[in-house]
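The values are calculated or read from the model by the stated rules, or taken from the named source; none is laboratory data. Every value quoted in this text rests on a predicted model; they were computed, and no experiment measured them. Glycine gets a Cβ as well: all are built from the backbone with ideal geometry, and neighbour counts include every protein chain shown. When the accessible area is computed, the model is the full protein with side chains, heavy atoms only, and any ligands, DNA or RNA have been set aside. Shrake-Rupley method; radii C 1.70, N 1.55, O 1.52, S 1.80 Å.
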Amino acid sequence: MSATRKIIIDPVFGFIDIPRGLLYDIVRHPLLQRLGRIRQLGLSPVVYPGAQHTRFQHSLGAFHLMGQAINHLTAKGNFIFDSEAEAVRAAILMHDIGHGPFSHVLENTIVKGVSHEEISELLMERVNREMNGQLTLAIRIFKDTYPKHFLHQLVSGQLDMDRMDYLMRDSFYTGVSEGLIGSARIINMLNVKDDRLVVDAKGIYSIENFLTARRQMYWQVYLHKTSVAYEQTLVGALLRAGELARQGVELFASPALRFFLYNETGRDAFMSNPECLENYIRLDDNDIWTSLKVWCGHPDKVLSTLSRGMVDRLLFKVERFTEPVPPGRVEELRARIAKALGITPAEAGYFVSTPSTERNMYDPADDSIGILYDDGTVKDIAEASDMLDIALLKKKVRKYYLCYLRL
């Protein structure tokens, strides 16, 4: 008789049990296996060499934590049907299924106007058809159309299992200890009140640490200035490749990447042309890196220089500002680069970029964190905490970057 479960050893959480049946079938599905060829942190290894973990590992970790959360919530008297428990675990397994390689780079270059969340929904519907409707409940939970809202919050909310895993996992693999959170204690403290996920009052300090750790990880890891500059190099390379392709220049590329380089794929095209989705799911990190290695020898100076920058880690210089970068500074840099490389000022634009980012760590209007007291009352963390500067966490912080080729 075959075993009733599979066990995977995870360096962050230890043993992860996957029961035979629907959940194991999802793990084995090619669309989920594809996530094993996509790094979770994209280009962050340029700063943190240990950050080699994949979106597949993250999905398994979030799945493991979801199982713990369901067990603790039911132990506190919150009734959850077995079918709902299986469905919410299926939903978290597939929550990242629509990610492409370097997701946000792709969304800004060759697959424009379509978010990975939308693609995740398309792929979940696809897998559901293959599995004869067994994922219908999971998709309803994922899309928040199921009556039990707190189940959706476990998948996508302030205290979802996605965030619980990625903070722990990204901290582990980068070595940035500031991101460590007490995920086990937070999950133990979860409860449900009026169909909303809340935290028992004695877990308030763990929530304070969670919000602080999330803020530190965003500015120290996810939006590190060197990672931002490296990402801009990749953006430039893909945009230049797309421009050359539209001019009829022959470029090396895998069939999947070639499709997007040589075809305009805006939102309408992506949603109406089945070829777009078919080629998208064939893309992974290897398509991009292999092309960049070959493009290093391309006769187009812009493409070859950007590609060498990626492959040989020749990073753009990056400066940070609290105000938008003066246009005169950008024009000056373009002129200098154009002269140095013997290219036009327009082509030099590929070597100068001014990205900006805005982020806040807590938005009560989006999905507040409620603290549940013994008398049954619930207070928002902003009111309940006597330590956190919630005003600071709620404030949107915008940072401006100037990234340009080192001469």
| said: Explain nothing, just the number: relative contact order of the stretch 250-406, from Cα pairs under 8 Å at least 6 residues apart, as a whole percent. | reply: 24
| Excluding ligands and nucleic acids, what accessible area in Å² is computed for Arg214 using a 1.4 Å probe, to the nearest 10? | 10
| task | Run the accessible area of the stretch 143-211 with a 1.4 Å probe and give the carbon-and-sulfur part as a rounded percent. | result | 50
| query | How much solvent-accessible surface does Asp386 expose, in Å² to the nearest 10, with a 1.4 Å probe and all protein chains in place? | reply | 130
| task | Could you work out how far helix 204-217 tilts from the main Cα principal axis of the chain, as a 0 to 90 degree angle to the nearest 10? | result | 10
| task | Could you list, in their original order, any pairs among Lys317/Lys396; Lys202/Lys379; Lys6/Lys148; Lys317/Lys399; Lys293/Lys339; Lys301/Lys339 whose Cα atoms are separated by more than 18 Å? | result | Lys317/Lys396; Lys6/Lys148; Lys293/Lys339
| task | Using a 10 angstrom cutoff on alpha carbons, build the Gaussian network for the chain and name the most mobile of Gly42, Gly157, Gly266. | result | Gly266
| remark: Restricted to the chain, the DSSP antiparallel beta bridge percent, nearest 5, is 90
| Inter-label distance for Ile8 and Phe321, nm, one decimal - labels placed 7 Å from Cα along Cα-to-Cβ | 4.4
| Dipole of the stretch 1-153 [Lys/Arg +1, Asp/Glu -1 at C-beta], most positive-end residue of Ile70, His104, His58 | His58
| task | Output the relative contact order of the stretch 147-200, whole-number percent, from Cα pairs under 8 angstrom with separation of 6+ residues. | result | 32
| GNM, the chain, Cα, under 10 Å: largest mean-square fluctuation among Thr354, Thr344, Thr136? | Thr344
| said: Mean-square fluctuation check for the chain, GNM, Cα pairs under 10 Å: which of Met271, Met168, Met66 is largest? | reply: Met271
| message | Taking the 0 to 90 degree range and rounding to the nearest ten, how far is the long axis of helix 225-246 tilted relative to the main principal axis of the chain, both from C-alpha atoms? | response | 60
| said: Tell me the carbon and sulfur percent of the accessible area for the stretch 19-69, rounded to whole percent, probe radius 1.4 Å. | reply: 51
| task | Over the chain, average the accessible area per residue using a 1.4 Å probe and give it in Å², no decimals. | result | 44
| What do you reckon, how do Glu117, Glu84 stack up by accessible area (1.4 Å probe), largest on top? | Glu117, Glu84
| field | On Cα atoms only, tilt of 301-311 relative to the major axis of the chain in degrees | value | 40
| query | Rounded to the nearest 0.05, what FRET efficiency do Ala269 and Tyr24 have when you use their Cβ-Cβ distance and R0 = 41 Å? | reply | 0.70
| When only the heavy atoms of the protein chains count and the probe is 1.4 Å, how do Trp289, Trp219, Trp295 rank by accessible area, highest first? | Trp289, Trp219, Trp295
